[in-house]
Amino acid sequence: MNEKEVCIIGCGPAGATAAIYLKRYGMEPIVFEKDLIGGKTNYTEKIENYLGYLGEKGAQLGLQMAQQLEKLDIHPIYREINGVYQNADGTFLVTYGTEENAFRYVILANGLADRPYHVPGEETFKRKGISTCAVCDGPFYKGKDVLVIGSGNAAFEEACYLCTICHSVTLVARREEFRAQEESVERFRSFPNSKILAPYQCVSCRGKTSLEAVTVRNSKTEEEIELAVQGMFVYVGSIPVTGFPQIPGLCDDKGFLKVDPTSMKTSVPNLYAVGDCRNTPLRQITTAVADGSLAATQIHFDYLRSRKK
Ligand SMILES: Cc1cc2nc3c(=O)[nH]c(=O)nc-3n(C[C@H](O)[C@H](O)[C@H](O)COP(=O)(O)OP(=O)(O)OC[C@H]3O[C@@H](n4cnc5c(N)ncnc54)[C@H](O)[C@@H]3O)c2cc1C
């Protein structure tokens, strides 16, 4: 097979799995990654629900994914893709920087971006107190007082990690009902330096050169409290980034790529979408790797069938 047949955009669990399956089917996928092999797993403190993985640390799982690709002679190209266009002959033009390549098949495996929190001061204190990654930035807040914003599993799990480093961790949730699993909530509550403020919302951030204080408002009583904190970790969900495939009609009304769930095919022939970036009821490592294997298998099947014609 021509080495420019399959392009995989993103090398998180979904894209990396697609690459492994394609390689083992005898194909030579070209994988583009703008950051780290393993994607979001690298920025997760603990992973306890991925079958067969006992390492716990997300970064270790990311490293093992990279080692597995290396062992199979798969070498991602570390570049950010900024455009995918369809040519008149049905192939795809994939652009990165000033370079471009044509591919017959494209797998979109580019995950999600962090949802912005939209609080006054957020832009000023980004990387100067406000972070979206406890694993990356938590150690800078050793012995300090921090806030965690959010009520899902990611918020509670990363807040538990911060409790092991920081002096105090206050979790601020918009509603009194949390989206996180009960086990994560209870684990957080069990730390003596943890506190939950719900239903509260952060309304402003202040500081001279870095974050020093935030104001939170009770959503029912409107009462405001000022909290002296040096760090704020925001876990308010993710949004799809589907602007770069410049092909209309690919997404649902929330911006997720629409696919046939048995094959991962989008409505455009030979264009596939896998993992967190697609419309799926569950965004986890296990679902991402399942998607990657299905897309690769479908492409291989399709490729064999086209050769017989
Ligand atoms: C804090 C947190 C904790 C989590 N904990 C768990 C857990 O315990 N268990 C679990 O199963 N799941 C967990 N998840 C979810 C899990 O991490 C994701 O479902 C999974 O990583 C999705 O894999 P993916 O390959 O679809 O996307 P990602 O892992 O997001 O990978 C996408 C990759 O694409 C790359 N990329 C994006 N755009 C481009 C571009 N234009 N060009 C080139 N490369 C690009 C990115 O750099 C990234 O490496 C957690 C998520 C978070 C945020």
> What residue, among those in segment 246-274 that are touching a strand residue (DSSP E or B) at 6+ places or on another chain (Cβ under 9 Å) and within 24 Å of Asn49 (Cα to Cα), is nearest to the ligand (Cβ to nearest atom)?
Replying inline: Val274
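Residue check: is Arg179 in a loop (DSSP other than H, G, I, E, B), within 16 Å of the ligand (Cβ to nearest atom) and among the basic types (Lys, Arg)?
For Arg179, the condition - in a loop (DSSP other than H, G, I, E, B), within 16 Å of the ligand (Cβ to nearest atom) and among the basic types (Lys, Arg) - is met.
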> When segment 54-74 is examined, which residues are found to be more than 13 Å from the ligand (Cβ to nearest atom) and either under 19 Å from Ala273 (Cα atoms) or in contact (Cβ under 8 Å) with a residue 40 or more places away in the chain (or both)?
Replying inline: Gln68, Leu72, Asp73, Ile74
> Among the residues of segment 234-283, how many are touching a helix residue (DSSP H, G or I) at 6+ places or on another chain (Cβ under 9 Å) and over 19 Å from Val6 (Cβ atoms)?
Replying inline: 15
>> Quick test of your reading of the structure: Asp253 fulfils all but one of (1) outside any loop (DSSP other than H, G, I, E, B); (2) among the acidic types (Asp, Glu); (3) free of Cβ contacts under 8 Å to residues at least 60 places away in the same chain. Name the failing condition by number.
In response: (1)
>> Pairs please, first residue from segment 38-53 and farther than 16 Å from Ile20 by Cβ and near the ligand (Cβ under 6 Å from one of its atoms), second anywhere and in a loop (DSSP other than H, G, I, E, B) and not β-branched (Val, Ile, Thr), Cβ atoms under 9 Å, 6+ apart in sequence or on different chains.
In response: Lys40/Gly12; Lys40/Gly111; Ile47/Tyr53; Ile47/Gly55; Ile47/Glu56; Asn49/Gln284
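Output yes when any residue across segment 279-289 is away from the ligand (no atom under 15 Å from the Cβ) and either in contact (Cβ under 8 Å) with a residue 60 or more places away in the chain or more than 21 Å from Thr132 (Cα to Cα) (or both), and no when none is.
No; the residues of segment 279-289 include none that is away from the ligand (no atom under 15 Å from the Cβ) and either in contact (Cβ under 8 Å) with a residue 60 or more places away in the chain or more than 21 Å from Thr132 (Cα to Cα) (or both).
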> Just a yes or no: is a residue in segment 141-152 surrounded by 14 or more Cβ atoms within 10 Å (Cβ to Cβ), farther than 21 Å from Lys46 by Cα and not polar (S, T, N, Q)?
Replying inline: yes
> Within segment 3-25, how many residues turn out to be more than 10 Å from the ligand (Cβ to nearest atom), assigned to a loop (DSSP other than H, G, I, E, B) and touching a residue at least 60 places away in the same chain (Cβ under 8 Å)?
Replying inline: 3
> In segment 278-285, is there at least one residue being of a type in the set (A, V, I, L, M, F, W, C) and surrounded by fewer than 16 Cβ atoms within 10 Å (Cβ to Cβ)?
Replying inline: yes
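Starting from residues that are part of a loop (DSSP other than H, G, I, E, B) and of a type in the set (A, V, I, L, M), keep the ones in segment 79-133 and report whichever is farthest from Ala159 (Cα to Cα). Explain how you work it out, then say what you get.
Quick first cut of segment 79-133, residues part of a loop (DSSP other than H, G, I, E, B) only: 79-82, 87-91, 97-98, 104, 109-111, 115-121, 127-129, 132-133.
Okay, now just the ones that are also of a type in the set (A, V, I, L, M), so 81, 88, 109, 119.
On the way: Ile81: 33, Ala88: 50, Ala109: 28, Val119: 20 Å.
This residue is Ala88.
A short reminder: the numbers here are calculations on the coordinates, not readings from a lab. The model shown is predicted, which means the values in this text are computed figures rather than measured ones. Note: ideal-geometry Cβ built from the backbone for every residue, glycine included; neighbour counts use all protein chains shown.
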